[in-house]
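Worksheet: one structure, shown below.
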Amino acid sequence: MRALMMAVVLAYVAGQGVLVQTQRPAFDVVSVKVNRSGEIPMRITAPAGRFDATNVTVRLLILNAYGLRDFQLVNLPGWAGDERFDVAGRAPGPAARDEISVMVRSMLADRRCDDFVYQSIVAIAV
């Protein structure tokens, strides 16, 4: 019954065009560039309030940000494991590794990559 009530409330809010947004930690500045170097090694570091990823796939970014193992991430489009990117983010201040991971998740959500994570979770649960 509670789930039904929640669904009705959400449908009403969506129908009214009301946008409910929560504040989530995010990078002050983030740069994402395609890496066409052809090199194989990937590197992710998070020194003192920064996030630097070199030659990484979206798949690796998702695995790292959500703390998933490779077998837990399924149904990704092919490019998510093939295309390589350089990502550099700067936190608004000092940030712990867990906070950096949340900021990476926010960055992925802003670029619609979090949809892949939810589809993977559903596929694993079925």
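The values are calculated or read from the model by the stated rules, or taken from the named source; none is laboratory data. All values reported here derive from a predicted model rather than from experimental measurement. Neighbour counts are summed over all protein chains in view; Cβ atoms, including those assigned to glycine, are modelled from backbone coordinates with ideal geometry.
Checking Met103 against (1) part of a loop (DSSP other than H, G, I, E, B); (2) in contact with a Pro (Cβ under 8 Å, 6 or more places away or on another chain); (3) buried (at least 17 other Cβ atoms within 10 Å of the Cβ): exactly one of these is not met. Which one?
Among (1) part of a loop (DSSP other than H, G, I, E, B); (2) in contact with a Pro (Cβ under 8 Å, 6 or more places away or on another chain); (3) buried (at least 17 other Cβ atoms within 10 Å of the Cβ), the lone unmet condition for Met103 is (1).
What residue, among those in the range 59-109 that are among the acidic types (Asp, Glu) and in contact (Cβ under 8 Å) with a residue 12 or more places away in the chain, is farthest from Asp28 (Cα to Cα)?
Ranking the candidates gives Asp82 first.
Name every residue in the range 45-82 that is buried (at least 17 other Cβ atoms within 10 Å of the Cβ) and outside any helix (DSSP H, G or I), in order of residue number.
Answer for the range 45-82, where residues must be buried (at least 17 other Cβ atoms within 10 Å of the Cβ) and outside any helix (DSSP H, G or I): Ala46, Gly49, Phe51, Ala53, Thr54, Asn55, Val56, Thr57, Leu73, Leu76.
Among the residues of the range 4-16, is any modelled with pLDDT under 95, in contact with a strand residue (DSSP E or B) (Cβ under 9 Å, 6 or more places away or on another chain) and part of a loop (DSSP other than H, G, I, E, B)?
no
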